[in-house]
1. Between ASP126 and LEU29, what is the spin-label point distance in nm, taking each point 7 Å from the Cα along the Cα→C-beta axis?
2. Relative contact order for the range 31-132: what is it in percent, counting Cα pairs under 8 Å that are at least 6 residues apart?
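What follows draws every value from the coordinates through simple rules; no lab data is involved. Note that this is a predicted model, so its numbers are computed, not measured. Please note: Cβ atoms are built from the backbone with ideal geometry, for glycine as well, and neighbour counts cover all protein chains shown.
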Amino acid sequence: MLFDHGVPLPSEYTDSRKADSLIENLKKLVAPDVSVLESDSSIKSFVEAAGINFPLFIGFGVDESLIAEYGAKYKKKAWFSTAKDFSEDMMVLYDFDKFPALVSVNPKYNEQSVFYGPFEGTFLEDFIRQSLLPLTVPTNRETVKLLKDDGRKVVLTILEDELDENAPQLIKVLRSAANANHDLVFGFVGVKQWEEFTETFDVKGSQLPKIIVWDTKDEYEVVEGSERLEEGDYGSQVSRFLEGYRSGKTIKKNVGRGSPSLLGLNAIYILIFLVAILVALMYFSGQGEEEQQPRRTHQD
């Protein structure tokens, strides 16, 4: 349990215990849900203090009340602020030409986007939720949790090696596809970077790159005739894959053993708990037999 000036915070800290991450996460927990910025200098100070590990949302001319709910809801995942007073220099720096405008900045992946509204209904939250992830997610042990929390299906491209000379060209194509398909998340992972994870999608013996749609749980889909990406015109191939997926030309498969959904920490905790119960039952069963043994001897 964490306390801020003697007052317990509404949620317990369950994130990384590494020194740098711990400090940054704790700074977020004690910060306001939405910071109010009143000058260019305060905007710069806010961005510098936020660091690079979390996305930032800056509402230029956006009323604080419009994003207060989301500032509280996504407090652990992003920084939120509203800028009441700012110069044209800020408009140029953050690439927006009118306001109110909500600017999303993901410094870790050097990405930035602008939302001009509408600020009613689900539009605003959809923009915030989608901006929590980069356009193309490098899938690893840290980001796979973000993918599962997001709730959208993942168009996952499996490469032999993320550092291969052709990888940047393919990732660029995936970024373009992500821009046009916001109902899906686009990710990539290299066999050399995370072999244990990629093996759960039956890549042994497969020609790579391989592209699938993963539900982030126990199933994934391959598109008939478009499962493998040939070197060359990646754009046309990814487009055909998405067309096939949208039209239902898919084959569903089960994720193999070792997936993060099957062997995550929660599953391990449950397994340990069940083993503990079994040991306890065996112990008390043995105690009962020992108590009955003297009685039988006495009766004999």
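1. Using points 7 Å along Cα→Cβ, the separation is 3.4 nm.
2. Values: 161 pairs, mean separation 32.8, N = 102.
Relative contact order comes out at 32 percent.
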